[in-house]
Amino acid sequence: MVSPSQRNRKINLLKRSSGMPGPDNFAIVEQDELAWGANQVLVRNRWFRVSISTRLMMSEEAVSVKGIPFPPINVGDTLADAAIGQVVSAPADSGLQPGEFVLHPLGWREYAVVNVGDCTRLGTRQPNPVACLGHGWTAYAALTRATQVKPGDVVFVSSGAGAIGSMAGQIARKLGASRVIGSTGTPDKALWMKQTLGYDEVILRGEGSISEQLQRYAPDGIDVFIDIVGGEQLEAAVSHTREGARLVLLGALSAELANAKSTKYAPVEIDAFALIVKGVTLRGYSADENPEVFAEWLACVSQPSWADIEFPVTRFAGLETAPLALEETCSGKARGLVLVEL
């Protein structure tokens, strides 16, 4: 179908970034008409997520370095990320109705043409966009599928103020952790993490050795490490593990957010002998391995016992603010999920 009266605005990649992305890397493009096929849905986007991984996908390194874990965004492509929108038009046999909310992967545009199979139905009532688009379900999957938190565990979460870390600390506590330690880059974030997110202690990058700070806050060692950073923080975690500790690697921000350029390389020197002697497990994990956890997560946070959980979010209004949202995401200014509302 074609709708010549339905104008669309979207953000395309104008040129690849070298270092931190800026406004000159993007172009807002107006599309005079939209066309969609028999198995596609026209969706009016209401919110979309802005993720750090976009920096690597749009960088010069995305095409010059082999093995980048995300598909590169090519010059001229429309950027994309998870979004929630309302159905405008859908095939009769899809079961989708106009006005129904759906989750799909095509943000960074006002209207999206989405394959039916890429739509997750959210119902006719307005959903909580932060619960649905945030990385709470990623953290929940890591703490219930990649490993399991046991009562009394000491848990360390790197990048504890970020989209995943701001949820992981809270979830670990709900699952029985007795002590939760996070890391971040500024004193104001550290205070916020303790006062709002319930972290017991926060390690500050640039305030001395990560290993020494971890020793001070977890003198008897850690049982679980949820890592989004890599580098020195992973090295410190390995050196402070208890017997039977479980380490789950979800990201490598030390590589993705390197000042000079975004890269896939996050080298670290760890004590392999300590892993063997202590029976430590070290696992890379993606929540995409357990997609069923998404529905479980939404059901979980609807329970009264989880009513006090915080959903940290940094909000931006309007499509044109998305490049700034990405810049603040990558520079560390944002807290929690970064959300653009349309």
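Given a 1.4 angstrom probe, I'd like the percentage of the accessible area of region 277-327 that is carbon and sulfur, rounded to a whole number. All intermediate terms of the calculation are to be shown ahead of the outcome.
Working: 1500 of 2690 Å².
So the carbon and sulfur contribution to the accessible surface is 56 percent.
Counting other C-beta atoms within 10 Å, and keeping those with at most 11, which DSSP coil trypsin sites (Lys or Arg not before Pro) do you find in region 86-153?
Working: sites: R109, R121, R125, R145; in loops: R125.
When the trypsin sites (Lys or Arg not before Pro) of region 86-153 are filtered for loop state and at most 11 Cβ neighbours within 10 Å, R125 remain.
Over the Cα atoms of region 1-122, what radius of gyration and what Dmax do you get, in Å?
Cα-based Rg and Dmax for region 1-122 come out at 15.5, 47 Å.
Would you kindly work out the equivalent ellipsoid of region 183-342 from its C-alpha gyration tensor and give its semi-axes, the square roots of five times the eigenvalues, largest first in whole Å? Before the final figure, lay out each step's value.
Details: eigenvalues 160, 88, 63 Å².
Three semi-axes, in Å: 28, 21, 18.
Taking all protein chains in place and a 1.4 Å probe, what share, in percent, of the accessible surface of region 200-242 do carbon and sulfur account for? Write out the running numbers ahead of the final one.
Values: 650 of 1660 Å².
After summing per-atom areas, the C and S share lands at 39 percent.
Using Cα atoms only, what is the angle between the long axis of helix 187-196 and the major principal axis of the chain, expressed in degrees (0 to 90) to the nearest 10?
Result, in degrees: 90.
Quick check on the chain: of the DSSP beta bridges with both residues there, what percent are antiparallel, nearest 5%?
55 percent
Using a probe of 1.4 angstrom, how much of the accessible area of region 11-117 is carbon and sulfur, in percent?
Values: 2280 of 4400 Å².
Of all accessible area on region 11-117, carbon and sulfur atoms account for 52 percent.
Just the number please: accessible area per residue for region 135-236, 1.4 Å probe, all protein chains included, in Å². Mind showing how you got there, number by number?
Numbers: 3480 Å² over 102 residues.
Computed with neighbouring chains in place, this is 34 Å² per residue.
Which value, in Å², gives the accessible area per residue of region 1-129 when a 1.4 Å probe is used on the protein heavy atoms? Don't skip to the answer; put the middle values down first.
On the way: 6030 Å² over 129 residues.
Heavy-atom accessible area per residue stands at 47 Å².
Go through K10/K174; K278/K333; K10/K189; K150/K189 and tell me which ones have a Cα-Cα distance over 29 Å in this structure. Walk me through the numbers before you get to the answer.
Values: K10/K174 40 Å; K278/K333 38 Å; K10/K189 33 Å; K150/K189 27 Å.
Correct reply: K10/K174; K278/K333; K10/K189.
The values are calculated or read from the model by the stated rules, or taken from the named source; none is laboratory data. Note that the structure is a prediction, hence the values are computed from the model and not measured. Positions of Cβ are generated from backbone atoms using ideal geometry, with glycine treated the same way; all protein chains shown enter the neighbour counts. Just the protein is used for accessible areas: all its heavy atoms, side chains included, with ligands, DNA and RNA removed. Shrake-Rupley method; radii C 1.70, N 1.55, O 1.52, S 1.80 Å.
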